[in-house]
Amino acid sequence: MSKLVINGFRAQEGTIEAPPSKALTLRYLLASALSRTWVSLRKLNWGDDTWSMIRGVKPISEVEIKEDHVRIRRGIATERFRVIDVGESGFTFRVLTGVYSGIDGVTLLMPRGSLIDRPMDELLNALKNLNAKVDRLGSVIRVVGGRLVGGYVMINGSISSQYISALLYLAPLTEGGIEVNIKPPIRSRPYIDATINVLRDFSISVERSEDMIYVSGSQEFRAVNEEFVIPGDYSLAAYYIALSALVGVDLRVTNLSKSKAIESEYVFIKYAREVGVEVEEYEDSVMVKGSSVKELKPLSINLGDSPDIVMPLALLLARAHGKSRILGVSHLVYKESNRLRGVANVLKCLGAGVSIDEANGVIEIEGVNEIRGGCEIDALNDHRIVMMGVIGALSARESVTIINWEGISKSWPTFIWDLERLGAEVRILNSP
């Protein structure tokens, strides 16, 4: 095990490219793997989760990879017995549980790390109500797939939007389709919208009302374009925006397009402005005027639909003058780690006041004038807690050590190198 030692920031470059969207990479890969015609995907996010999805669809698809370019389609002859290592990708694990329920053959889905303990019962019960043959032995899910009739299913919307995505990808493979009734409160609703948008890009008919979604059965995945370019990820770019504001340097972040963004990630721009960060938007980039930041203002905000921007926004609120509240994020306890506790631990290390209410999903933050540091953060191998800890540490008065940071490869393998190019002073200490 190695440690990251963060010794501050000395600006070197003022332009950086945002990583491609992880959420859209996974969704387009899966839809393409179900398409009978070749689909080209460019500028994918090459984190661990992407490789989990590629492993997940290879038994039913043909995949060609060249540099950052992927060609993929549904295979002519598919394997009927599949053992799939889904790594720690929750989206891959849950959605493939749904998809393979509608495909002939036996599939064993094997999770790793923190994913072993993340909830699945709600999805498994919903699939069983559709007469899918799914069961669980320890952490391994066994799916005995076949043509399903489809039908009506009710599912809790407060735990994970990935359950709903699993049912939506399965529905076209059934005879009669699936009508999904989502019991409120519905968390991460824009990620359900992202799934629907990708399905429509593959000619899948989807009907949607407030809490009800219907996808008809016996539909073929047919891409409306021969090629898709994965857009930049606003939830990852948010860490660059936070860095600019916290260290007081101007930074242009490229590869960002508002028209292609997932709304719950793009909304970080709005909240950053409300806090007091000046952000200028252009066609394919944003300009963050970190040098213009004077005093940051507190916020009280519900982020139930935007769990992935809680961490960078909390960093800004740690420097706000006054008390802030982040509400509606009880589902953060079900992520790669208990992120409510992870956020609290990072903020305490940096010197901010913080309290959490896990049952009600509330984080209260008392801002400070200066980030202190001089401590150690256990990032629990959670990629977003790693990012939060590193960005916060770059603005700290004293050095910060981060352990269990290797999980950053889940969504941003080049994170440390990218920051070093901007001016981050980082050392990696390997254990003897």
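The values are calculated or read from the model by the stated rules, or taken from the named source; none is laboratory data. It should be emphasised that the depicted structure is a prediction, and the values quoted were computed from it without experimental measurement. A quick note on method: Cβ atoms are made from the backbone with ideal geometry, for glycine too, and the neighbour counts reach across all protein chains shown. What goes into the accessible areas is simple: the full protein's heavy atoms, side chains included, and nothing from ligands, DNA or RNA. Shrake-Rupley method; radii C 1.70, N 1.55, O 1.52, S 1.80 Å.
Things worth noting here:
- Seen from a random direction on average, the alpha-carbon convex hull of segment 174-222 projects onto 3.3 square nanometres.
- Computed from the alpha carbon positions, the gyration tensor of segment 59-152 leads to an equivalent ellipsoid with semi-axes of 23, 18, 11 Å, biggest first.
- Binning the alpha carbon pair distances of segment 382-429 at 5 angstrom intervals from zero yields the distribution 5, 21, 33, 31, 9, 1, expressed in whole percent.
- Debye, to nearest 20: dipole size of segment 103-226, +1 on Lys, Arg Cβ, -1 on Asp, Glu Cβ: 340
- Between E13 and E79, residue separation times 0.36 nm minus the direct Cα-Cα distance comes to 18.9 nm.
- Calculated [θ] (222 nm, deg cm²/dmol) that DSSP helices of n ≥ 4 give over the chain, each run adding -39,500 (n - 2.57): -9000 deg cm²/dmol
- Among 159-165, 274-280, the peptide with the highest mean count of other Cβ atoms within 10 Å heads the list, and the full ranking is 159-165, 274-280.
- Solvent-accessible surface of the chain, taken per residue with a 1.4 Å probe and all protein chains present: 38 Å².
- Net charge, V279 excluded, C-beta distance under 12 Å - Lys, Arg +1, Asp, Glu -1: 0
- Label zone at E376 (point 7 Å along Cα-to-Cβ), backbone N below 15 Å, segment 5-19: 5-6
- Cβ-based charge dipole, the chain, positive-most Cα from F202, I326, F81: F81
- Put simply, the chain fits an ellipsoid with semi-axes of 37, 22, 21 Å; these come from the alpha carbon gyration tensor as the roots of five times its eigenvalues, largest first.
- Placing pseudo-labels 7 Å out from each Cα toward the beta carbon at D68 and T254 gives an inter-label distance of 1.0 nm.
- In this Cβ point-charge picture (+1 for Lys and Arg, -1 for Asp and Glu), the chain has a dipole of about 560 debye about its Cα centre.
- Computed over Cα pairs, the Kirkwood radius of segment 279-356 leads via Stokes-Einstein (1.567 mPa s, 4 °C) to a diffusion coefficient of 94 µm² per second.
- Reducing segment 103-172 and segment 257-276 to their Cα centroids gives an inter-centroid distance of 32 Å.
- With both labels modelled 7 Å from their Cα along Cα-to-Cβ, the K3 to D104 distance reads 5.8 nm.
- Global dimensions of segment 273-432 from alpha-carbon coordinates: Rg and Dmax equal 15.4, 49 Å.
- Long-range amide H partners of K133 with built H, under 5 Å: V144
- Reciprocal mean inverse distance between Cα atoms of segment 133-291 - Kirkwood radius, Å: 18.2
- Ranking G232, I186, L246 by Cα position along the charge dipole of the chain, where only Lys, Arg, Asp and Glu carry charges on their C-beta atoms, puts I186 farthest toward the positive end.
- Treating r as the C-beta distance of N131 and K294 and R0 as 60 Å, the FRET efficiency rounds to 0.45.
- Carbon plus sulfur fraction of accessible area for the chain, probe 1.4 Å, in percent: 45
- Leading residue at positive end of dipole, the chain (Cβ point charges), from L26, S216, N125: N125
- Comparing segment 215-335 with the 2.2 N^0.38 Å rule of thumb, its C-alpha radius of gyration ratio is 1.23 (two decimals).
- Over all pairs of different C-alpha atoms in segment 1-129, the reciprocal of the mean inverse distance, the Kirkwood hydrodynamic radius, equals 16.5 Å.
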